[in-house]
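J.: Please see the structure below; I have some questions.
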Amino acid sequence: TSLTFLASLVSLVIVIFSFGLSISLLPLLLGVILGSVFFVLMGFALAARAKSINGFLLSTPLISIWAFLPFLSFLNLYDNFLFYLLPGKGILILLEAAFSRSSIWLIVYAILLMLCWIVFAYLWAKSWFYKYIILKIGGKK
């Protein structure tokens, strides 16, 4: 939550100083907040399993690579309809909606997509925390 607040604050400062108030702040904040919550939860899941900081740092690109494949479409390098199922696409839709007109249905889709990924990340983080932290602590009595 504090990481999400910090990400939101920094994003607002950067965007307002760069673009002024001519953008839609709600989609921007939704994209930053939902994306931040998702990646924090994924980080918790990976941290629970990691045996060292190096192990954690080596595993984080596995999440980043597949989650941000939709950036290939954004950069006009490669496009695939399956990108609409990945969390990076939800974040991009919301961030783009801050700077240009977007369909309300596309924005609702992006929010629902991110909420689904957040539920998945929460369940995964909770499961791995229990499996790799709680059970190991209880097993060493």
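The values are calculated or read from the model by the stated rules, or taken from the named source; none is laboratory data. No experiment lies behind these values; they were computed from the predicted model shown. Here Cβ is always computed from backbone atoms with ideal geometry, including for glycine, and neighbour counts include all displayed protein chains. Protein only, heavy atoms only, side chains kept; ligands, DNA and RNA dropped before computing areas. Shrake-Rupley method; radii C 1.70, N 1.55, O 1.52, S 1.80 Å.
J.: For segment 65-75, give me each residue that is closer than 17 Å to Leu95 by Cα and either open to solvent by less than 60 Å² (accessible area, probe 1.4 Å) or not aromatic (Phe, Trp, Tyr) (or both).
T.: Within segment 65-75, Ala67, Leu69, Pro70, Leu72, Ser73, Leu75 qualify.
J.: Looking at this structure, is Val37 in contact with a Leu (Cβ under 7 Å, 6 or more places away or on another chain), at pLDDT 90 or above, within 25 Å of Leu112 (Cα to Cα) and not basic (Lys, Arg)? Write out each step before concluding.
T.: Details: in contact with a Leu (Cβ under 7 Å, 6 or more places away or on another chain): no; at pLDDT 90 or above: yes; within 25 Å of Leu112 (Cα to Cα): yes; not basic (Lys, Arg): yes.
No, not satisfied.
J.: So, Leu86, is that one over 30 Å from Ser22 (Cβ atoms) and of a type outside the set (Gly, Ala, Ser) or not? Talk me through it step by step, then tell me what you get.
T.: Details: over 30 Å from Ser22 (Cβ atoms): no; of a type outside the set (Gly, Ala, Ser): yes.
It is false that Leu86 is over 30 Å from Ser22 (Cβ atoms) and of a type outside the set (Gly, Ala, Ser).
J.: Just to be sure I understand the filter: pairs with C-beta atoms under 6 Å, separated by 6 or more residues or on different chains, first member in segment 49-77 and in contact (Cβ under 8 Å) with a residue 24 or more places away in the chain, second member among the aromatic types (Phe, Trp, Tyr) and surrounded by 14 or more Cβ atoms within 10 Å (Cβ to Cβ). Which pairs pass?
T.: Note: pairs meeting the criteria are Arg49/Trp128; Arg49/Tyr132.
J.: So, one more: Checking the condition open to solvent by less than 50 Å² (accessible area, probe 1.4 Å), within 29 Å of Leu21 (Cβ to Cβ), touching a Phe, Trp or Tyr at 6+ places or on another chain (Cβ under 9 Å) and not aromatic (Phe, Trp, Tyr), which residue from Ile107, Ile118 passes?
T.: After applying the criteria, what remains is Ile118.
J.: Could I ask something else about it? Please work out which residue is nearest to Ile107 (Cα to Cα), limiting yourself to segment 9-23 and to residues that are among the hydroxyl-bearing types (Ser, Thr, Tyr) and part of a helix (DSSP H, G or I).
T.: My answer is Ser11.
J.: I've got another one for you. Within segment 17-60, which residues are among the β-branched types (Val, Ile, Thr) and exposed (fewer than 14 other Cβ atoms within 10 Å of the Cβ)? Let's see the steps before the verdict.
T.: Of all residues in segment 17-60, those among the β-branched types (Val, Ile, Thr) come to 23, 32-33, 37, 40, 53, 60.
Across segment 17-60, the qualifying residue is only Ile53.
J.: Scan segment 89-102 residue by residue and report those that are closer than 18 Å to Leu25 by Cα and open to solvent by less than 60 Å² (accessible area, probe 1.4 Å).
T.: Gly90, Ile91, Leu92, Ile93, Leu94, Leu95, Ala97, Ala98, Ser102, listed by residue number.
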